[in-house]
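The values are calculated or read from the model by the stated rules, or taken from the named source; none is laboratory data. Since this is a predicted model, take the numbers as computed values, not measurements. Heads up, the Cβs are rebuilt from the backbone with ideal geometry, glycines too, and the neighbour counts pull from every protein chain shown. The area values use the complete protein model at the heavy-atom level, side chains included, leaving out ligands, DNA and RNA. Shrake-Rupley method; radii C 1.70, N 1.55, O 1.52, S 1.80 Å.
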4 protein chains.
Amino acid sequence: MKRWDWTEYDMDLGLSGRSAILMASSRGLGRACAESVAREGVDVVINGRTAADVHRACDDLGGAYGITATPVVGDATTTAVHDALLEACPEPDIVLLNSEGPPPTAFGDVDAASWNDALQHTMVSPLLFVQRVIDGMQKRQFGRIVAISSAMVKSPNPLMSLSHGPRLGLTGVLKGLSKTAVAHNVTINTILPERFDTGRQEQMARLVMQFRGVTYEEARAEQLASINAGRLGRPEEFGDTFAFVCSAQAGFMSGQAIQLDGGSYDGLF
Amino acid sequence: MKRWDWTEYDMDLGLSGRSAILMASSRGLGRACAESVAREGVDVVINGRTAADVHRACDDLGGAYGITATPVVGDATTTAVHDALLEACPEPDIVLLNSEGPPPTAFGDVDAASWNDALQHTMVSPLLFVQRVIDGMQKRQFGRIVAISSAMVKSPNPLMSLSHGPRLGLTGVLKGLSKTAVAHNVTINTILPERFDTGRQEQMARLVMQFRGVTYEEARAEQLASINAGRLGRPEEFGDTFAFVCSAQAGFMSGQAIQLDGGSYDGLF
Amino acid sequence: MKRWDWTEYDMDLGLSGRSAILMASSRGLGRACAESVAREGVDVVINGRTAADVHRACDDLGGAYGITATPVVGDATTTAVHDALLEACPEPDIVLLNSEGPPPTAFGDVDAASWNDALQHTMVSPLLFVQRVIDGMQKRQFGRIVAISSAMVKSPNPLMSLSHGPRLGLTGVLKGLSKTAVAHNVTINTILPERFDTGRQEQMARLVMQFRGVTYEEARAEQLASINAGRLGRPEEFGDTFAFVCSAQAGFMSGQAIQLDGGSYDGLF
Amino acid sequence: MKRWDWTEYDMDLGLSGRSAILMASSRGLGRACAESVAREGVDVVINGRTAADVHRACDDLGGAYGITATPVVGDATTTAVHDALLEACPEPDIVLLNSEGPPPTAFGDVDAASWNDALQHTMVSPLLFVQRVIDGMQKRQFGRIVAISSAMVKSPNPLMSLSHGPRLGLTGVLKGLSKTAVAHNVTINTILPERFDTGRQEQMARLVMQFRGVTYEEARAEQLASINAGRLGRPEEFGDTFAFVCSAQAGFMSGQAIQLDGGSYDGLF
């Protein structure tokens, strides 16, 4: 058995020449994931709803790493964008499932339409996309499917039902699929972030300002205090974890829910 | 502090005079739950889609235990039946969330309509019903909400995505709600059965016969072999567990997912 | 299949005439467990290190419920007391594993002797006792082994390593054993309490007074605030849960870690 | 915020110039861990009980990667070897906790001496070593403590009580410690392997031959069949996962139990 080609590099992730479809990857955690695999020589399909962001990300990544970065502008929870993503990359080796989280909502205020909308966006749509790629991955004997979820799937917060409810459903279905896919070197894992330094936390801080009448600085300080590490995560920490989970040498790791939460989860497992 | 009134009975669950709405309770596990609380002096609303079954259950339970058993015929995943249930019992102390499970389906064959249907029936509809009762329970300082889920939520099977996906979503949302409701003596728990001796297992055995060409006896034998206890669960074992979880003295137990699976779950927690 | 004899009582746990060995049962949670099964007609062996407490408990339970209550005075983590317990009840149907918890200790202050002592008392000793009873239970086709553990096994606190470390080891070994024992109607479960209103919490409050310079009332208020239910658990709530887990109709529930923590655990499972 | 220096390499783990103490690292998984961090420019202390193995590993790693590899021969569960490890590397940045697993033993055959021995080797000894290094790591604001455990801590097997019991205790104590250490950029994680292609599995296959009368080939085939991936793990897959968990960019991941088991764990979390 040959070891990875470590002599020329530091850790070679064995991804050079692979291709990735990354949903919602023009900003935030998705963007960081794209960068980490682009750096490893992966051709990427960048997606987002704002054309300027998508094109800028493609220019940046293509320029920095010499890989092909293809823009697909639009909402990745729609069939039309699924079609476009697969047209841009018909045989992806890597798929990042990612979508924007819903705003906090008291349980009593969630109506049927909100449930259906959240479930469609966060659970059904990514599963329909997985349906379209998993057989090909299995035939080609390589696949890495990773979902960005939330630490709340393991510690549900009653104000975030619209987030953790659908995300848990997704996590469970992916776990089931992982049991058979791994025999074909297709791994399926979930990463559970909690409080990374992206626009999402700025947005959450502004919501807290409104609802609780604190200052922006106080709201940000509360965010830090809620994390055992005493700081927010850095997007590139997330991106590199994603890259490792996608690596050739991570083929024995599947069905995992990996928490990136600054050591904050209270539970043993 | 006064202890329960143990002197006159065996274990008094402190439920006499309480009222319960039990979805899908004319047969199977739901029926067993209804019987166990009726025996404790709880007035019950019995629900099911087959009028004869519902009426027979009401007659049986009312006759045996001298409680009031009110029939509500219809599909408990609809708003109309929610209305009827609450008309029959506007201030329930106990609510059993229960619905029929979907048939096994290969992941590749699940289309958007099937997802939406399963999510509506198994997750959204019960949550909308919880919305309608939880505030009242909290005000009255007593509530017991129990969902019948499936052991598969903790050990997902790729053939049962339509079951464990929505059920997990439900479990997560209920867990979030449990964190605040318990301060008002409203507990929310889930029971996770695996292979009870009801019509469901007969139906599953017939599906296995069809798909795998084995005899009915072989299919049933496989069911037994899959359970560490070497037998199927008895519906009354389920019912009495439900009754205990609903008891006055179970007010300190909330947010739990209690497995009734003959000791079959492989994981530690 | 015959249902339990519900007609004459409320819930009959099917334990009349059974026998139980209950370690550390002269006070606190152990005492509550003894009372709940004595009420169901179970002959009990009461154990504790203070003779007066043990004898008083025996008098009280024997008097109230007409069962046989046999005193065994001594430290239940010793072989000599194991011998005495089994002499008093050679074929127990029910065994409660229970022992006093260690004081809070900073990790840096735990030396090898403290580890070995805690492991011996909390893990090795109960396992050696289980070895002596499990085969007989399996042959007699009835057994209920329950360990009182701590909610901290699922949410470890760095000040309580001497408690949750050994308790987790015990929980894991019992879980392994449960997988085969259940085929013989021997169930093995763990109950995880958090903050019950016993002498233990008074003792913890006094430690907090010393270490943090707060008043006793403040220390007690902090205990309440740490529980989502906003109150401490009542020992009889614990005892009745124990009784239910020991019941005839709980034979399909095994390998479970049941939290009695006022809905405080943050994690999903 | 500066990103990692990705331009010159593939993924730079930011470990160049760091130092590591690796227990039981002359062969098997420990050796693979040593190689993966040596390749990243980490000076390593290699330990094992067989002098020739230890010296060969040092020669190989020093030669291949130009780092300093210091041999410490002896049983890493003893205080004398702890002293020697810390003399060789007084301020380690990385510590690998690792020890040989015990042979399978039926629960009924485990006596007090076996428990104490297993607990001393697998739980107490590594914790005493952690005591000696964790304060320094916290002061220096960098530390990576990783324990090699076993997938069985999450799915206990009754024949392996001597393995999973002590390992669970260790896992729990480390989880507790992780909650405060992470604020000082000291992470503590556990990796749970199941069936890697090392001498351990050959040894297990020989035990199965003896006990069950199968051929060596049959015993090996059973090993493969027990893994969802249909193959054994490769030690370098383990080593690179270890290296990633030790990386600079993994500072937000702590308190995790990462399964490397070919996707075999049945449970959701």
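Just a few scattered comments:
- Members of the stretch B:100-134 found to be touching a Ser or Thr at 6+ places or on another chain (Cβ under 6 Å) and more than 10 Å from chain A (Cβ to nearest Cβ), listed by number: B:101, B:102, B:121
- Condition met for residue C:150 (more than 14 Å from the chain's Cα centre (by Cα) and either under 23 Å from residue C:121 (Cα atoms) or of a type in the set (A, V, I, L, M, F, W, C) (or both)): no
- For residue C:84, the requirement of being of a type in the set (A, V, I, L, M) and in contact with a helix residue (DSSP H, G or I) (Cβ under 8 Å, 6 or more places away or on another chain) is not met.
- Qualifying positions in the stretch C:241-269 - among the polar types (S, T, N, Q) and closer than 19 Å to residue D:155 by Cβ: C:254, C:256
- Criterion violated by residue D:91 - all others in (1) buried (at least 19 other Cβ atoms within 10 Å of the Cβ); (2) at pLDDT 95 or above satisfied: (1)
- Contact annotation: residue pairs with Cβ atoms under 7 Å, 6 or more positions apart or on different chains, pairing a residue in the stretch A:146-171 that is within 8 Å of chain B (Cβ to nearest Cβ) and more than 21 Å from residue B:161 (Cα to Cα) with a partner that is charged (D, E, K, R) and part of a helix (DSSP H, G or I), are A:156/B:175; A:158/B:179.
- In the set (1) within 9 Å of another protein chain (Cβ to nearest Cβ); (2) buried (at least 24 other Cβ atoms within 10 Å of the Cβ), residue C:242 fails one condition alone, (1).
So that you can scan it fast, the table gives a plain yes or no per residue for (1) within 27 Å of residue A:244 (Cα to Cα); (2) modelled with pLDDT under 95:
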site: A:117; (1), (2): no, no
site: A:126; (1), (2): yes, no
site: A:137; (1), (2): yes, no
site: A:154; (1), (2): yes, no
site: A:165; (1), (2): no, no
site: A:184; (1), (2): yes, no
site: A:192; (1), (2): yes, no
site: A:206; (1), (2): no, yes
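- Test: residue D:227 is within 14 Å of chain A (Cβ to nearest Cβ), out of contact with any Pro (no Cβ under 6 Å at 6 or more places or on another chain) and closer than 27 Å to residue C:159 by Cβ: no
- Screening residue D:190 on (1) buried (at least 24 other Cβ atoms within 10 Å of the Cβ); (2) without any contact (Cβ under 8 Å) to a residue 40 or more places away in the chain; (3) of a type in the set (Ser, Thr, Tyr) shows it passes everything except condition (2).
- Any chance residue A:195 is surrounded by fewer than 24 Cβ atoms within 10 Å (Cβ to Cβ), touching a Gly at 6+ places or on another chain (Cβ under 9 Å), at the interface with chain D (Cβ under 10 Å from one of its Cβ atoms) and closer than 27 Å to residue D:251 by Cα: yes
- Single residue of the stretch A:104-140 satisfying the filter (part of a helix (DSSP H, G or I) and of a type in the set (Gly, Ala, Ser)) that is farthest from the chain's Cα centre (by Cα): A:108
- Residues of the stretch D:97-113 include at least one that is free of Cβ contacts under 8 Å to residues at least 24 places away in the same chain, in contact with a helix residue (DSSP H, G or I) (Cβ under 8 Å, 6 or more places away or on another chain) and among the small types (Gly, Ala, Ser).
- Residues within the stretch A:180-191 that are at negative phi and either of a type in the set (S, T, N, Q) or out of contact with any Phe, Trp or Tyr (no Cβ under 9 Å at 6 or more places or on another chain) (or both), tallied: 7
- Residue in the stretch B:12-24 that is open to solvent by 30 Å² or more (accessible area, probe 1.4 Å), basic (Lys, Arg) and within 22 Å of residue B:234 (Cα to Cα) present: no
- Pairs meeting the criteria (first residue in the stretch A:12-39 and away from chain D (no Cβ under 12 Å), second residue of a type in the set (A, V, I, L, M) and open to solvent by 30 Å² or more (accessible area, probe 1.4 Å), beta carbons under 7 Å, at least 6 apart or on different chains) are A:30/A:24.
- Matching residues in the stretch B:52-66 - criterion: being within 17 Å of residue B:28 (Cβ to Cβ) and out of contact with any Gly (no Cβ under 9 Å at 6 or more places or on another chain): B:52, B:53, B:55, B:56, B:58, B:60, B:61
- Within the stretch C:245-269, being in contact with a Gly (Cβ under 7 Å, 6 or more places away or on another chain), within 14 Å of chain A (Cβ to nearest Cβ) and of a type in the set (S, T, N, Q) holds for no residue.
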